[in-house]
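Take a look at the structure below.
The values are calculated or read from the model by the stated rules, or taken from the named source; none is laboratory data. In this text, all values refer to a predicted model and were calculated from it rather than measured experimentally. Here the Cβ is made from the backbone with ideal geometry for all residues, glycine too, and neighbour counts use every protein chain on show. Quick note on the areas: whole protein, heavy atoms, side chains included, nothing else; ligands and nucleic acids left out. Shrake-Rupley method; radii C 1.70, N 1.55, O 1.52, S 1.80 Å.
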Amino acid sequence: MSTVSQFALLFIGGALINNILLTRFIGLCPFFGVSGNMETSMGMSFAVVFVMMMASTATWVVWEFVLAPLGVGEFLYIPAFILIIASLVQFVEMYLRKASPVLYRAMGIFLPLITTNCAVLATATESAKPGFFKLNIAVGASLSLGQALIYTLGVSVGFGFALITFAALRERLELAGVPRLFKGTPIAFITAGLLSLAYVGFSGWFGL
Amino acid sequence: MAEWFRTFRQGIAIENPLTVLMIGLCATLAVSTQLKNAVFMGLAVVFVITMSNVLVSVFRKHIPSEVRIPIFIVVIASFVTIVDLVMKAFVPSVYQVLGIWIPLIVVNCMILGRAEAFAYNNRPLLSIADGMGMGTGFWLVMVILAAIRELFGTGKIVWFGSTLIALPSGYEPPSLLLLFPGAFLVFGFMIAGSRWLNERSQARAEARACRR
């Protein structure tokens, strides 16, 4: 398989076929937490793209040059990755506050939230130590740094796309007449179910 | 002792992490395609939340509040690693299916949330009650969701190769329930149902208070 088509496959596979929110159920807390408002979900989406890219780079480097050569990856990867992500987010937050107040105001409040977002840990783990999402069918046992970054970009764009679509649906839902017991979250779940029904259509593309 | 049971019961019903507080959703929806997986996932979560609550609560006076979050995460991550390795060794077939969800217990907001909101301010014994109550509440909802999805999605419930319950043979299972939309739909109805139950028990408690 040529490199370009492999990259395209990784991107589409991450964004649509294995959409992390609607087909993998990863990162649902912000999906239901911040989707009540269009503006916050936009901010959240950009923050997620930003943090995921950095987290994947960091975990990939640490896995490739520290954990795997030392042979301790199998049992140290969970604490190592989560600590890397948590401290990375902390540094990014401090740096942004000092260097770019505009950017900080746009996504500052979301950064601490993202630390414990399972989507970031899942994507970073998958980039560094593939095998959980059956990606290896497409690319082989491990990803190069370029492949890992393209995959992460796909996943985070898919995350943002699903989040923004859902926020738009929920804003409209505010005006709808809903039975009393279903108001708020229950109807949001049912709406999410219908939205994810659309993503069933993507499953099976390219054998992913 | 009465306080212990009250804390325990609170986690199961009034403050149920899944249907009322809405935390720790991801794992529940993803794993609940089969009763077997849900049972083991739930046990893993009960173990991790109870142990991390105990450890955090025992050392609560020695953990400086500025760095408490990283410390909680490391504590939780160590217990998750134990679960990860134990499951890989003893129930490999379940481990294969659960896959990424075992490492993801670390970032299950429910566990970090209970360490922060409860164990950090309470005695170890009460923290055990809280951890077990919250864990059991989580486990119950997940098992019910999985039972509904497996029974109506495949027509039978299978436990390590043997069939527990089977619907009559004329039943044609809608595979929608097993696919990802099914989880959202069934769970939406379950929240509405638990709301109805909570409202009803509240109304009953009020009626009892009026009669006195």
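Odds and ends about this structure:
- If the condition is being over 12 Å from residue B:185 (Cα atoms) and either surrounded by 19 or more Cβ atoms within 10 Å (Cβ to Cβ) or more than 7 Å from chain B (Cβ to nearest Cβ) (or both), then the range A:190-208 contributes A:198, A:199, A:201, A:202, A:203, A:204, A:205, A:206, A:207, A:208.
- The range B:59-71 residues that are within 14 Å of residue B:123 (Cα to Cα), paired with ones that are open to solvent by 60 Å² or more (accessible area, probe 1.4 Å) and not in a loop (DSSP other than H, G, I, E, B) (beta carbon under 8 Å, 6 or more apart): B:60/B:121
- Scan of the range A:77-105 for residues that are touching a helix residue (DSSP H, G or I) at 6+ places or on another chain (Cβ under 6 Å), open to solvent by less than 60 Å² (accessible area, probe 1.4 Å) and not aromatic (Phe, Trp, Tyr), ordered by number: A:78, A:79, A:82, A:84, A:85, A:86, A:88, A:89, A:93, A:96
- Against the list (1) modelled with pLDDT of 80 or more; (2) within 12 Å of chain B (Cβ to nearest Cβ), the condition residue A:30 fails is (1).
- Helices (runs of 4 or more DSSP H) wholly inside the range A:115-189 containing at least 2 residues that are in contact with a Leu (Cβ under 8 Å, 6 or more places away or on another chain), at pLDDT 85 or above and surrounded by fewer than 19 Cβ atoms within 10 Å (Cβ to Cβ): A:145-173
- Entirely in the range B:109-212, the helices (runs of 4 or more DSSP H) that have 2 or more residues that are farther than 19 Å from residue A:193 by Cα and within 14 Å of chain A (Cβ to nearest Cβ): B:109-117, B:180-211
- Every pair of residues 6+ apart whose Cβ atoms lie under 9 Å, when the first sits in the range A:176-203 and is more than 19 Å from residue B:197 (Cα to Cα) while the second is basic (Lys, Arg): A:188/A:170; A:191/A:170
- Per the listing B:94, B:80, B:74, B:106, the residue uniquely more than 10 Å from chain A (Cβ to nearest Cβ) and in a helix (DSSP H, G or I) is B:94.
- Residue within the range B:25-35 that is more than 10 Å from chain A (Cβ to nearest Cβ) and in contact with a strand residue (DSSP E or B) (Cβ under 6 Å, 6 or more places away or on another chain) present: yes
- Scanning the range B:80-107 for residues that are in contact with a helix residue (DSSP H, G or I) (Cβ under 7 Å, 6 or more places away or on another chain) and either β-branched (Val, Ile, Thr) or under 18 Å from residue B:117 (Cβ atoms) (or both) turns up B:80, B:81, B:83, B:91, B:94, B:97, B:100, B:102, B:105, B:106, B:107.
- If you filter the range B:47-71 down to residues that are part of a helix (DSSP H, G or I) and out of contact with any helix residue (DSSP H, G or I) (no Cβ under 9 Å at 6 or more places or on another chain), you find that the one that is least open to solvent (accessible area, probe 1.4 Å) is B:67.
- Pairs meeting the criteria (first residue in the range B:76-98 and surrounded by 14 or more Cβ atoms within 10 Å (Cβ to Cβ), second residue hydrophobic (A, V, I, L, M, F, W, C) and not in a helix (DSSP H, G or I), beta carbons under 6 Å, at least 6 apart or on different chains) are B:84/B:102.
- Hits in the range A:49-76 (condition: within 14 Å of chain B (Cβ to nearest Cβ) and either open to solvent by 50 Å² or more (accessible area, probe 1.4 Å) or under 19 Å from the mean Cα position of the chain (by Cα) (or both)): A:51, A:52, A:55, A:59, A:74, A:75, A:76
- Residue in the range B:117-138 that is at pLDDT below 85 and open to solvent by less than 20 Å² (accessible area, probe 1.4 Å) present: no
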